[in-house]
Every structure is written in C-alpha cells, then in structure tokens.
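Written below as structure tokens is the structure these notes are about.
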Amino acid sequence: VSDWFCSKTGIFKSKYKSIQLPQNPFLDVVSFIFSHKHNGVSALIDSTSGFSLSYSKLHEMVYSLGFSLHEFGISQKDVVLILLPNTIFFPVVFLGVLSIGAIASTMNPLSSLIELKKQILDCNVSLVFTESDNVDKIESLNIDGVRVIRVPQVSNYVELKSKSHQFDCFRKLVSSSPGSVSRPVINQQDTAAILYSSGTSGVSKGVILSHGNLIAVVELFVRFEAFQYDKRLPVIENVYLASIPMFHIYGLSLFGMGLLSLGTSIVVMRKFNADEMVRAIDRYGVTHVPAVPPILMALTRAKALPGRNLGSLKQVSSGAAPLSRKIIEDFLQCFPHVDFIQGYGMTESTAVGTRGLNTENFRKYNSVGLLAPNMQAKVVNWNSGTCLPPGNSGELWLRGPGIMKGYLNDADATTSTVDKDGWLHTGDIVSFDQDGYLYILDRLKEIIKYKGFQIAPADLEAALISHPEILDVAVTGYADAEAGEVPMAFVVKKPGTSLSQEDVINFVAGLVAPYKKVRKIVFTHSIPKSAAGKILRRQLKNSLVSRI
Ligand code: 4UV
C-alpha cells in the first residue's frame with residue numbers, strides 16, 4: 001500500500017519518523033524524567049484543597065525518599081507496593097522507589113485482603129506505602145518481612161503538620177536531605193515496575209516492566225503527543241486532570257511519569273466524581289482530560305447542565321475500553337471546540353500503542369489512531385496465522401520498545417504472549433484502514449473491562465468455586481451502557497442446595513475489590529467446555545443474548 005505497510009512481511013510500521021531513544025544503557029527513568037529542562041512551576045495540585053507541590057519540591061522529595069529508603073534498609077531490586085488512590089504523593093513515592101533501583105508494584109487500594117495477600121506474596125513485597133484505612137489490613141496479614149509506611153492524605157499533611165505523629169515516618173522520608181551514599185548503577189534493562197494484568201488468559205499476572213520500557217512510554221506516548229499537538233502554545237501552560245487512577249498503566253504513564261518531564265501542571269482528583277471534576281476543570285482552568293468511557297459520558301452530562309462553561313478544555317482523550325459511536329457523537333455535540341481522540345495500549349506494552357490524530361483531512365473519532373513512533377504491528381488471522389493487509393480484521397500483534405520483559409514467574413504465559421521474534425500477541429481483534437488508522441473491533445481474550453479496569457474471569461471463577469455449594473462456574477462479561485461491561489457468572493449449584501443469586505453475589509463481594517463484584521448470576525446445568533476442559537467463553541457469551 002505504501003511505505004508504512006510491507007505486503008511481503010505483513011508488517012505495519014509507524015507513519016511517524018522514528019525517535020532516537022537514549023542509547024546510554026546506564027539510565028533510569030527517574031533521571032531521564034528530571035533531565036528534561038522546563039520552566040514549569042506547579043507539578044501536582046490537590047484538587048480539593050488546592051495544595052500543590054512545585055517542581056523543585058517534587059524533585060527534592062523524590063530524591064530524599066530514595067535516599068531515606070536506602071537508609072531504611074530497602075535495596076536495589078527490593079519490591080515496594082504502592083497501595084494508594086490518586087494523591088499528589090503517589091508520583092513522589094513511585095519515583096523515589098525507582099530512583100534507587102528498587103521495584104514498584106501498584107495495586108487498587110480497594111483490593112480485598114485475599115487479593116492483597118496474593119500480590120504481596122507473588123512479587124515478594126518488602127515494604128508497603130498506604131493510607132491509614134489500609135494499614136491495619138496489611139498488618140493483619142502478618143506476612144514476614146513486610147513493613148508498612150503510612151502515607152497522609154493531603155489534608156492531614158497540611159493541617160496536622162505539628163500535631164500528629166502517625167505520619168512522622170513519611171514526613172521524615174520525604175524531607176531528609178539526601179546524604180552522600182553512592183547511588184546504585186541502574187541499567188535500562190533492570191526491572192522498574194511490576195503491574196498486574198491477566199493478559200490473554202488465566203488469572204492476573206505480574207507484568208515486568210524495565211526502566212527502558214518506562215523511558216519508552218515517556219518518550220513515545222506522552223512527550224511525543226504533547227509536542228505534536230501543542231506547537232502553538234508552550235506545553236507547560238497545559239493543565240491536566242488526573243481522574244483516572246495512577247495505579248493503572250494509563251494514568252501512571254501520564255501522571256506518574258511523562259507529564260512530569262514536560263513541566264505541565266497536574267490536578268489530582270482522589271476519586272472520580274462528576275461534580276468535583278467539573279469544579280476542578282473550572283477552578284484550575286484544566287486543558288486536558290485523559291479519560292475512560294464513563295468519564296467521557298459524565299463530562300457530556302455535566303456540560304449539558306446550564307451554567308457550565310468548561311471553556312478551558314482543549315483536549316479530551318478516551319482509552320482503556322471500547323467507546324460507542326453514540327457516546328462520541330454526544331460528546332462532540334457538547335464540546336465542538338475540544339479536540340477529541342482515542343488511544344490504545346496495554347499494561348504489557350507499557351501503554352505504548354496508538355493515539356488518535358485529528359488533522360485537516362482526517363477526523364476519525366471511532367479509530368484509536370496511528371501507531372506510536374518506533375512501533376510495528378501485524379494483523380494476523382488467528383486460524384491460519386496469515387498476516388493481513390489494511391482493510392482486514394485479525395489479531396493485533398505489536399513490537400517495539402514498550403513491550404514488557406515478560407510475566408513474573410510464568411515462563412509459559414510469557415512465551416505464549418511475546419513470541420521469539422518479540423511480537424506481543426494482544427488478544428485484540430483490529431483492522432487498519434487505508435490511512436493507517438487502527439480500529440479495535442473485538443476481543444479474542446478473556447478479560448472483562450469494567451469502566452476501563454481489568455477483571456480476570458479466572459480470578460472470579462477461583463473465588464466462586466471456593467463456595468461449598470457451587471459445583472462448577474464460568475464468568476464472562478455482559479454489556480452495560482455505563483460501565484462498558486460487568487462480570488456475570490454462570491453457576492452450577494450442588495443438587496438440593498437453596499443458594500440464591502443474591503447469596504452468590506454477596507459471597508463474591510466479600511472476597512474481591514468492589515469493582516470486581518459479580519453483578520449478574522445465571523444458574524445453569526452445565527458449563528460448555530472444549531475437549532481439553534477449557535471453558536468455551538464465546539459460546540457462553542453468545543448464549544447470553546438468548547437467555548437475558
Ligand atoms: O492492560 P490494560 O488494562 O491497559 C489499558 C491501557 C489503556 C491505554 C493506554 C495508552 C493510551 O494511550 C490509552 O489511551 C489507553 O487499558 O488493558 C488493555 C486492553 O484494554 C483494551 C484492549 O482490549 C487492550 O488489550 N483497550 C485499551 N484501549 C482501548 C481498548 C480502546 N481505546 N478501545 C477499546 N479497547
């Protein structure tokens with residue numbers, strides 16, 4: 001077709017010029033982020049109180065934390081769990097941990113005890129940063145060698161400065177002056193973060209991301225896009241709203257890393273709430289909102305109310321889950337002057353994938369955009385293995401500097417996901433059009449996306465099958481206008497039991513984080529399985545239409 005698609009190899013290349021990534025093998029992402037010079041003043045602003053951390057304060061706190069952690073007995077390659085909602089302290093802790101070559105793992109702070117225990121043991125956590133409500137939970141797990149540091153909410157940090165001692169440890173960590181310990185040598189190949197994803201099948205697994213992977217997302221997604229769009233205005237004048245969680249790769253890439261290299265300001269919302277979002281946009285003159293579909297819908301509804309201006313908005317993007325035409329049209333009608341794009345990425349690609357691009361010629365709102373610089377793709381027929389040209393649908397394979405090192409302690413899952421030639425098999429069914437724009441059409445893989453959050457059916461099946469009155473079970477996603485999908489379970493009861501749908505829903509709710517709750521139950525006589533015993537999820541999903 002052109003120089004971006006080779007019919008001989010079936011490889012799509014990015015239409016953008018390649019970007020030279022740093023060649024120095026001894027580089028960590030924290031030094032890389034802070035090596036970019038800019039005149040930005042406020043780095044992170046707490047949306048409720050207006051309390052902010054300046055760029056110089058952020059730098060000071062990050063390196064102070066790194067130094068103090070070292071003193072605290074945390075060494076290179078030790079794993080530190082960051083169990084925090086969005087807070088201006090999240091990036092401080094994340095970057096501080098990485099600055100000494102320790103490894104950060106992140107997790108939804110609403111996770112259940114069972115989920116916490118599983119992840120802490122799986123990636124061998126030695127220290128947890130969390131807020132007061134989770135401290136007792138972690139301590140009750142009583143896992144050998146796991147220490148906890150209590151992170152204040154911003155209001156406590158500001159108001160109780162002299163009165164409260166419970167945050168002394170955190171305060172000391174971020175305010176001691178870095179001493180003269182020699183900083184460890186960190187290689188771009190070294191592991192920087194372990195985030196959890198279920199990939200194309202099975203339970204959730206640790207995705208191992210290197211410093212080089214994180215440098216790639218800073219450069220190829222965040223910095224590239226900012227300069228691409230904002231040729232007219234200095235990038236530091238942009239104000240981003242952090243309403244999507246930083247514990248997930250999409251929010252982490254932007255608010256925990258990339259934007260901090262640009263000098264932009266980030267308004268941090270603790271938890272998504274439509275009214276607060278609107279207030280924050282007006283109060284701080286927010287220009288950019290990276291969002292997931294439910295946030296986009298909330299913005300549209302909010303704008304429809306009289307007296308709402310939101311005139312500062314320049315760009316809104318949506319990613320992490322499919323978006324219907326109707327939601328896009330409603331949004332565009334309400335915000336004709338806002339640049340709307342979709343983006344696509346995965347935890348396993350360190351969020352590097354595609355991003356939308358509106359030009360004079362193209363406004364392809366249903367597309368997730370063009371391949372990021374330095375990335376390659378294939379569209380593969382999943383039955384024959386044939387590579388397909390533009391205009392055809394198949395499984396997306398991705399290759400490039402964002403692709404993970406592998407799954408933690410799971411060589412089989414690693415080799416079945418990233419092949420020997422470095423292609424990440426995404427499990428997404430896609431097609432490219434004749435202009436190189438990508439469309440996400442469907443999913444081959446099992447994951448359920450609830451408001452953009454991943455839910456692994458296998459994790460829920462494991463919880464359900466632990467019920468003494470349940471014989472067999474299968475979980476799948478069910479379409480929902482607000483959340484995108486909700487988990488539903490097909491349950492085979494033991495004969496003679498009186499288990500109700502509500503009993504099952506409550507049972508699971510006691511074992512998993514609230515967003516993972518099973519929201520629909522269908523009692524059935526058997527679960528369709530392949531000869532090898534694999535649940536036939538597609539068959540189940542298709543049967544939903546006729547049952548409900
Ligand atoms: O692993 P994960 O939870 O990762 C994400 C990442 C979302 C990103 C990353 C970079 C961006 O620029 C951006 O806008 C969004 O969600 O889940 C990965 C799976 O989520 C689905 C798809 O099935 C992935 O394999 N997904 C991600 N983005 C989209 C999507 C999208 N725009 N449309 C449909 N599905």
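A straight Cα-to-Cα reach below 20 Å connects Lys494 with the lysines Lys520, Lys529, residues fewer than 8 places away in its own chain not being considered.
Spatial offset of the range 469-548 relative to the range 41-97 amounts to 41 Å, using the alpha carbon center of each. Summary value for the range 131-226: 17 percent relative contact order, contacts being C-alpha pairs under 8 angstrom separated by 6+ residues. If you take all other residues with their beta carbon under 15 Å from the beta carbon of Gln376, and give Lys and Arg +1 and Asp and Glu -1, the sum is +2. Checking the cross-link pairs Lys303/Lys326; Lys137/Lys517; Lys405/Lys517; Lys17/Lys205 against a 22 Å limit on the alpha carbon distance flags Lys405/Lys517; Lys17/Lys205 as lying beyond it. With the simple spin-label model, which puts each label point 7 Å out from Cα in the Cβ direction, the Val158 to Leu113 separation comes to 3.6 nm. If R0 is 30 Å, what FRET efficiency do you get for Ile505 and Ser543 from their C-beta distance, rounded to 0.05? Approximately 0.90, to the nearest 0.05.
Compared with the alpha-carbon gap, the fully stretched path from Arg325 to Lys37 is longer by 99.6 nm at 0.36 nm per residue. Descending by average beta-carbon neighbour count within 10 Å, the peptides 44-57, 17-30, 198-211 line up as 198-211, 44-57, 17-30, the highest first. The phi-based Karplus calculation (6.51 cos²θ - 1.76 cosθ + 1.60; θ = phi - 60°) puts the 3J(HN,Hα) values of the range 458-464 at 4, 5, 6, 4, 4, 5, 5 Hz, whole numbers, x for Gly and Pro. Taking every alpha-carbon pair under 8 Å whose residues sit at least 6 apart, the chain reaches a relative contact order of 14 percent.
Express in nm, to one decimal, how much length is gained between Ser18 and Ala411 on full extension, taking 0.36 nm for each residue of separation and deducting their alpha carbon distance.
138.4 nm
Evaluated with a Cβ-only charge set (Lys, Arg +1; Asp, Glu -1), the chain carries a dipole of roughly 600 debye about its Cα centre, given to the nearest 20. Where both bridge residues fall in the range 1-118, DSSP classifies roughly 60% of the beta bridges as antiparallel.
Maximal additional length on extending the Arg283-Ser56 stretch stands at 79.4 nm, based on 0.36 nm per residue less the C-alpha distance.
Modelled spin-label separation between Glu360 and Ala481, with each label point placed 7 Å from Cα along the Cα-to-Cβ direction: 4.1 nm.
Applying a DSSP loop filter and a limit of 14 other Cβ atoms within 10 Å to the trypsin sites (Lys or Arg not before Pro) in the range 419-474 leaves Lys420.
Highest mean first, how do 319-329, 527-537, 164-174 rank when packing is the count of other Cβ atoms within 10 Å averaged over residues? Walk me through the numbers on the way to the answer.
Values: 319-329: 17.2, 527-537: 12.2, 164-174: 15.5.
Averaged packing, sorted descending, gives the order 319-329, 164-174, 527-537.
Of the trypsin sites (Lys or Arg not before Pro) found in the range 214-283, those that fall in a DSSP loop while having at most 11 other beta-carbon atoms within 10 Å are Lys231, Arg232, Lys271.
None of the figures in this text is laboratory data; all of them are computed from the coordinates on show. The structure displayed is predicted, hence computed values, not measured ones. Cβ: placed from backbone, ideal geometry, glycine included. Neighbour counts: every protein chain shown.
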